[in-house]
Structures are given as structure tokens and as C-alpha cells.
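Participant: Right, I'll just put the structure down here and ask away after.
Nothing in this text is a laboratory measurement; each read-out follows from the coordinates by a stated rule. Predicted model, so just to flag it, every value in this text is computed and none were measured. Note that each Cβ is placed from the backbone with ideal geometry, even for glycine, and that neighbours are counted across all protein chains shown.
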Amino acid sequence: MDFSAGVVAVVETGNRDQGTGIRDSRQLRSSPNAEPLVVILLGPTGSGKTALSLALAERFGGEIVNCDSVAVYRGMDLGTAKPTHEERARIPHHLIDVTTPDKPFTAGAYSRLARQLLQEIAVRKHRMPIVTGGTGLYLRALTEGLFAGPARQEELRARLRSKAQKRGSAWLHRLLKRLDAPTAQRIHANDAPKLIRAIEVCVAARRPMSEVIRRDPLIGFRLLRIGLNPPREKLPHREGLHERLNQRCAAMFAAGLVEETRGLLAQYGEVKALDSLGYRQARCVLAGTMSEQDAIKAAQQGHRNFAKRQMTWFRREPEVKWIAGFGDEAETVRAAAELVESAIATGDSDLG
């Protein structure tokens with residue numbers, strides 16, 4: 001028995017069908033008229049979201065919906081820490097390996113497919129959808145919808161990019177602050193692409209972007225957001241997130257990440273997907289600009305920085321139930337299962 005299966009046994013306590021041992025989503029509602037429950041697992045890379053999603057899916061009769069923007073690509077396996085084929089055989093997984101690396105998979109496309117899957121899993125199959133992954137924009141597109149703003153204006157964009165190259169992105173931020181102070185406050189002064197888009201919307205709409213934003217939030221479901229917040233540094237008798245990320249990166253290269261990248265480059269060329277963490281460093285090895293050892297160190301640092309950015313993003317998510325542990329720890333699984341049980345019992349319509 002692997003560890004993620006083992007922790008399931010720790011929390012197996014009653015409330016199961018006598019036949020299959022799992023419950024369908026009609027049993028996951030406090031009343032027949034309650035909206036179906038969707039569990040959202042979020043947290044930084046390496047925090048154990050996959051293990052926790054498997055444990056909860058087996059405990060509550062769930063199906064897992066990927067929310068990782070790189071795991072959607074076929075052939076990008078070693079650098080993405082996708083669930084293994086054995087894990088996917090145990091529990092149905094969705095939105096993994098859905099397209100090829102040369103075909104960009106936007107947040108809007110993800111949202112449309114993921115919403116269809118939530119309906120399929122919860123409403124028609126009567127099982128619990130468990131959304132898990134670390135791509136904050138995908139999650140926001142799913143739960144809040146995306147802003148469908150004015151069409152791109154390439155001439156304006158080119159002028160703004162030219163100005164930014166001469167004066168720096170801080171100039172863009174000052175300009176946006178004059179046009180739309182609330183939006184400027186939400187965008188980092190160094191994030192030139194977002195600043196340019198916000199200015200473009202203000203100019204095209206002739207109004208502040210903050211006044212014209214109209215989103216399409218997810219309705220018809222109760223959302224329970226569970227966040228993993230393990231310690232970053234090593235503690236006595238307990239490893240930290242940074243240590244796990246260092247080990248993961250080294251394992252990716254040892255398993256053949258450079259060769260996988262070589263094959264992907266031969267098949268698809270230098271596509272944007274291959275600029276993601278791990279693959280970017282593997283490309284440097286192939287180009288001869290880095291040794292493999294230096295590439296491993298760069299990937300380790302990149303993953304640690306990425307985990308920090310993810311936590312900054314996810315802390316802005318509303319009403320997250322945070323657990324200070326890794327998803328493959330028995331105490332974390334127990335705490336998460338109790339949160340799900342409580343959500344089922346209360347039927348709270350504003351869990352998330």
C-alpha cells in the first residue's frame with residue numbers, strides 16, 4: 001500500500017455505504033435541495049495536494065479535476081509531477097493530458113471545460129468534484145469567471161511597450177494610476193503586460209477598467225476551499241517545503257527531464273509551454289549554457305520562488321480553510337476530512 005492510500009485508512013470512520021464503501025453526491029448534501037459541494041485544494045507546489053486529493057476522493061467518492069496549467073499538456077510528464085498512472089487508475093482524473101504543448105490552453109478554455117466537468121461529476125454522476133492544482137489564474141477563471149474586455153489594440157500596445165522600454169514599467173504604473181487608481185493598486189509596478197492591458201481597456205472603454213469589469217462567477221455549487229501551508233524550512237523531526245522542492249527537482253533530472261525536453265523540442269520546437277519551470281533549465285543544458293548540476297540548482301531556486309508567489313496569490317482567495325501541514329501527512333488528511341464532513345453536515349451556502 002502506498003502512503004497516500006495508507007493515510008486514507010487513518011480517516012476511514014463510518015458513514016459509508018455498505019456496498020461500495022463510498023457515498024455519492026446526493027449523500028453529500030445536508031438536504032435534497034442543497035447545492036452540490038465542490039472541494040478546492042490549493043497551496044504551493046510540493047505541498048502534497050495530489051496525495052490529499054486522492055485521500056479525500058477515496059473517502060468521499062470523488063473525482064479529481066486538475067487545476068495545473070502545465071499538466072494539461074501531453075508529453076510533459078517529468079517536469080509536472082502529474083499523478084502516476086496507478087493513481088489515475090484508482091481515482092478518475094480530468095483535464096490532464098488534454099492537448100499538445102504547441103497549442104496554448106488559456107484560462108478561459110480551462111474554465112469552460114472545468115465547469116462542464118463539475119456539472120458532469122456532481123449533477124449527473126452524483127460524485128464529489130475535487131479541484132486541485134497550483135495555477136491561481138485557472139482557479140480564479142473557474143470560480144469567478146474572466147473579464148471579457150475590449151479587443152486588443154496592437155498599435156496602442158506597441159506604443160506603450162516602446163515607452164516602457166525607454167522609461168521603465170514604473171511609468172506605465174503611474175499612467176494607470178491616473179486613469180484608474182483602484183486597478184493600479186492591484187497590479188504590481190513591474191508587471192508590464194498587465195499594466196498595458198489595463199491601460200488598453202481604459203482607453204478603449206473610455207472609462208476606468210474597475211468600472212467596466214463584469215465577470216461570470218460560478219453558480220449552482222457550494223465551494224469549500226482547503227489550503228495547504230506547510231513549513232518552508234526544516235523543523236526538528238520534520239522536513240520543510242524547500243527541502244521537498246529541492247529533492248523533487250533533483251529527482252526530475254535524474255529521471256530523464258533533459259531527454260524528455262529534447263524529444264519535446266524535436267516534436268514541437270521552442271513553444272511557450274517549454275519555458276515552464278524545469279523545462280526551461282533543461283533547455284539550457286541542451287543549449288550548452290548550463291551544466292546539469294547548475295540547471296538543477298536553478299530549477300530548485302525557481303521552484304522555491306514560485307511557491308512563494310503561489311502563496312501570495314492564494315492568500316487573496318476568500319475564506320480558505322488553511323491547514324499547516326503537507327497533504328500526505330495523516331493529521332492533515334484527518335483535518336481536511338473533518339472540514340468536508342462539516343461542510344456536508346451544515347450545507348453552508350458560503351463555504352468558500
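Participant: In nm, what is the difference between 0.36 nm times the number of residues separating Gln153 and Glu331 and their Cα-Cα distance?
Facilitator: Additional length available on full extension: 58.9 nm.
Participant: State the Cα centre-to-centre distance between segment 260-325 and segment 93-139 in whole Å.
Facilitator: 21
Participant: Using only the Cα atoms of segment 126-172, build the gyration tensor, take square roots of its eigenvalues as a ≥ b ≥ c, and label the shape rounded, prolate or oblate: rounded if a/c is under 1.5, else prolate if a/b is larger than b/c, else oblate.
Facilitator: The shape class here is prolate.
Participant: Also: For the pairs Lys82/Lys234; Lys49/Lys125; Lys49/Lys82; Lys103/Lys194, note any where the Cα-Cα span goes beyond 19 Å.
Facilitator: Beyond 19 Å between Cα atoms: Lys82/Lys234; Lys49/Lys125; Lys103/Lys194.
Participant: To the nearest 20 debye, what is the magnitude of the charge dipole of the chain about its Cα centre, counting +1 on the Cβ of each Lys and Arg and -1 on the Cβ of each Asp and Glu?
Facilitator: So the dipole magnitude of the chain works out to roughly 1760 debye.
Participant: Which trypsin sites (Lys or Arg not before Pro) in segment 36-81 sit in a loop by DSSP (not H, G, I, E or B) and have at most 15 other Cβ atoms within 10 Å of their own Cβ?
Facilitator: Counting only loop positions with at most 15 other Cβ atoms within 10 Å, the trypsin sites (Lys or Arg not before Pro) in segment 36-81 are Arg74.
Participant: Also, quick follow-up: Place +1 on the Cβ of every Lys and Arg and -1 on the Cβ of every Asp and Glu in segment 154-212, take the dipole about the Cα centre, and give the residue among Ile196, Met209, Gly168 whose Cα lies farthest towards its positive end.
Facilitator: Most positive-ward Cα: Gly168.
Participant: GNM, the chain, Cα, under 10 Å: largest mean-square fluctuation among Leu223, Leu176, Leu241?
Facilitator: Per the Cα network of the chain with a 10 Å cutoff, Leu176 tops the list.
Participant: Moving to a separate point now. Could you give the angle, 0 to 90 degrees to the nearest 10, between helix 169-179's Cα long axis and the longest principal axis of the Cα atoms of the chain?
Facilitator: With both axes taken from Cα atoms, the answer is about 80 degrees.
Participant: Specify which labelled value, from (i) 5, 22, 30, 26, 14, 4, 0; (ii) 5, 26, 37, 26, 6, 0; (iii) 6, 25, 31, 20, 10, 5, 3, 1, 0, 0, agrees with P(r) over Cα pairs in 10 Å bins from 0, in percent derived from the coordinates of the model shown.
Facilitator: Computed from the coordinates, P(r) over Cα pairs in 10 Å bins from 0, in percent corresponds to (i).
Participant: Moving to a separate point now. Which one, Ala255, Gln300, Ser342, is farthest towards the positive end of the dipole of segment 229-349 when Lys and Arg carry +1 and Asp and Glu -1 on their Cβ?
Facilitator: Result: Gln300.
Participant: Per DSSP helix of 4 or more residues, -39500 (n - 2.57); summed, then divided by the residues of the chain. What does that give at 222 nm, rounded to the nearest 500?
Facilitator: -15000 deg cm²/dmol
Participant: Turning to a different aspect of this structure: Which percentage, to the nearest 5, of the DSSP beta bridges contained in the chain is antiparallel?
Facilitator: Here the share of antiparallel DSSP bridges comes out near 5 percent.
Participant: Let me make sure I get this right: for segment 154-212, a, b and c are the square roots of the gyration tensor eigenvalues over alpha carbons, sorted descending. Under 1.5 in a/c it's rounded, otherwise prolate if a/b > b/c, else oblate. Which is it?
Facilitator: Oblate.
Participant: Where is the GNM fluctuation largest for the chain (alpha-carbon springs, 10 angstrom cutoff): Ile40, Ile199, Ile219?
Facilitator: Residue with maximal mean-square fluctuation among Ile40, Ile199, Ile219: Ile199.
Participant: GNM, the chain, Cα, under 10 Å: largest mean-square fluctuation among Arg159, Arg232, Arg309?
Facilitator: So, out of Arg159, Arg232, Arg309, the one fluctuating most is Arg159.
Participant: Cα gyration tensor of segment 192-247, axes a ≥ b ≥ c as square roots of the eigenvalues: rounded (a/c below 1.5), prolate (a/b > b/c) or oblate?
Facilitator: Here segment 192-247 falls in the oblate category.
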